[in-house]
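The structure under discussion appears below in the form of structure tokens.
The values are calculated or read from the model by the stated rules, or taken from the named source; none is laboratory data. All values reported here derive from a predicted model rather than from experimental measurement. Heads up, the Cβs are rebuilt from the backbone with ideal geometry, glycines too, and the neighbour counts pull from every protein chain shown.
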Amino acid sequence: MNTSASPASSQSQDIGNVKRLPIMISLIIGAFFSILNETLLSNAIPQLEIELNVTASILQWLSTGYMLVVAVLIPASALLVQWLTTRQVFLGAMIVFTIGTIVCGIAPEFSVLLIGRLLQAVGTGLMMPVLMNTILLLYPPEKRGGAMGTIGLVIMFAPAIGPTLSGIILDSLEWRWLFFIVLPFALFSIVFAFIYLKNLSQPTKPKVDVISILLSTIGFGGIVYGFSSSYKGWDKLEVYGMIGIGLIALLLFVIRQLKLKEPLLDLRAFKFPMFTLTTILLIIMMMTMFSTMALLPFLFQGALGLTVYASGLIMLPGSLLNGLISPITGKLFDKFGPRALMIPGTMALAIVMWFFTQVSVDTSKSTFIILHICLMVAISMIMMPAQTNGLNQLPPRYYPHGTAILNTLSQVAGAIGVAFFISIMTSGQKNYLAQSTDPTSVVEQTGALVSGIHNAFVIGFGFAILAIIVAFFTKRAKTSVE
């Protein structure tokens with residue numbers, strides 16, 4: 001989540017008489033269901049392929065577009081939090097999110113469904129910074145740990161439970177209910193926040209650097225769009241051209257941030273080595289988590305012939321543990337430091353990714369359950385310690401920028417991961433069928449899908465090896481003083 005809006009940048013009101021619990025309830029409900037929507041459609045993709053008559057490569061924009069909009073809005077929304085009141089930002093964000101949910105539920109075709117998803121993403125991107133800023137204002141430093149731990153559980157648990165929840169829903173209801181079920185909770189959050197959410201800061205209206213916002217949008221947008229178009233072939237101008245435009249825009253963005261007195265994102269945070277290593281690990285983890293959530297439903301339903309419900313049940317234990325273990329790994333980090341968790345965690349990740357390259361149509365359901373559990377536990381062992389350790393090294397004045405950088409890159413990494421790994425899967429399928437004597441047979445189609453997924457997990461295994469190397473260079477960070 002994004003903490004770009006620092007309490008230091010706003011004039012805090014007297015919160016001595018503010019009731020914290022109702023405010024936390026309204027914020028957590030809104031945050032949970034907005035973050036949940038990042039992965040809620042994972043199990044529905046195969047069904048949407050048939051009903052909307054579009055390919056998997058096109059449908060991945062429902063996830064990629066969502067994460068892209070959130071990533072683009074996170075840096076800019078930090079300014080918005082300082083221009084509007086707490087109530088205005090949160091209620092506005094939830095209203096936009098709710099409108100998007102309604103549009104998705106009644107969408108007659110893919111284009112309308114995509115518009116609804118992007119509206120949901122706008123709501124999520126606007127709400128994320130106000131959530132963390134409110135917590136920083138509500139709780140003194142000695143009491144923030146418990147509140148941040150609760151939010152951390154939501155951040156990890158919501159996207160992890162998305163595929164499982166969607167599988168259970170889709171077993172009995174059509175895909176539109178993925179949105180209709182969220183709708184009453186979104187409406188409740190709006191009503192509850194309207195009654196109980198108080199303004200905790202006065203807008204300070206800092207200077208807005210429009211050029212930085214434009215460069216950030218073009219940069220992240222170009223890169224993600226390029227990767228998302230990679231299913232057309234990496235030799236296409238549309239692919240490497242957009243990636244090139246994105247990289248140039250980001251380079252200009254970086255140069256501008258280093259020159260500004262009040263940068264949108266202070267990239268000088270990267271001069272702290274543990275923060276840089278954290279960023280690398282976080283990118284790897286987000287690509288691994290979101291791409292795996294996208295690939296497994298294709299494997300379970302397309303190759304193994306499992307129902308949507310069965311797919312959800314296979315991923316349920318790992319999804320639950322992913323959320324529940326995060327607070328525990330945070331406490332273990334305080335006691336033993338990052339290496340004790342991150343080194344075995346990255347090794348476990350590499351082992352799991354290697355096993356995924358060996359699965360076949362004959363692999364048992366229990367094996368998939370164990371592999372998914374190990375994957376999600378490994379991710380929990382890495383992400384919480386890595387983020388905490390990286391941010392610990394930053395001087396306090398870098399906290400808002402450090403968290404904004406991590407959250408922006410995590411969203412972009414997730415979007416790129418889904419697009420990149422699905423393109424690898426699709427390419428593997430095409431190559432397999434091109435060498436087949438009977439590419440139209442069910443057996444060959446299944447073999448092609450498994451082959452494509454194997455190729456994707458081989459690349460994932462390579463990323464995991466890189467994570468191990470980074471983990472060995474990690475050490476317990478001490479807060480730097482400038």
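Quick notes on this structure:
- Test result for Leu62, touching a Lys or Arg at 6+ places or on another chain (Cβ under 8 Å), of a type outside the set (Val, Ile, Thr) and touching a residue at least 40 places away in the same chain (Cβ under 8 Å): yes
- Matching option when the condition is touching a helix residue (DSSP H, G or I) at 6+ places or on another chain (Cβ under 6 Å) and within 23 Å of Gln393 (Cα to Cα), among Ile223, Ile284, Ile218: Ile284
- Filter result for Gly233 (modelled with pLDDT under 80 and more than 24 Å from the chain's Cα centre (by Cα)): yes
- Helices (runs of 4 or more DSSP H) (entirely within the range 126-224) containing at least 3 residues that are at pLDDT below 70: 144-172
- All conditions in (1) of a type outside the set (D, E, K, R); (2) closer than 21 Å to Thr64 by Cβ; (3) in contact with a Leu (Cβ under 7 Å, 6 or more places away or on another chain) hold for Met293, with the sole exception of (3).
- Any hit, the range 234-241, residues being among the β-branched types (Val, Ile, Thr) and within 23 Å of Ser63 (Cβ to Cβ): yes
- Flag if Ala303 is touching a helix residue (DSSP H, G or I) at 6+ places or on another chain (Cβ under 6 Å), within 27 Å of Glu174 (Cβ to Cβ), surrounded by fewer than 22 Cβ atoms within 10 Å (Cβ to Cβ) and modelled with pLDDT under 90: yes
- Of the criteria (1) in contact (Cβ under 8 Å) with a residue 60 or more places away in the chain; (2) buried (at least 18 other Cβ atoms within 10 Å of the Cβ), which one Phe333 fails: (1)
- Selection status of Ser436, in a loop (DSSP other than H, G, I, E, B) and farther than 13 Å from Val359 by Cα: yes
- Where Glu238 falls short, out of the listed (1) modelled with pLDDT under 90; (2) surrounded by 14 or more Cβ atoms within 10 Å (Cβ to Cβ); (3) under 21 Å from Leu118 (Cβ atoms): (2)
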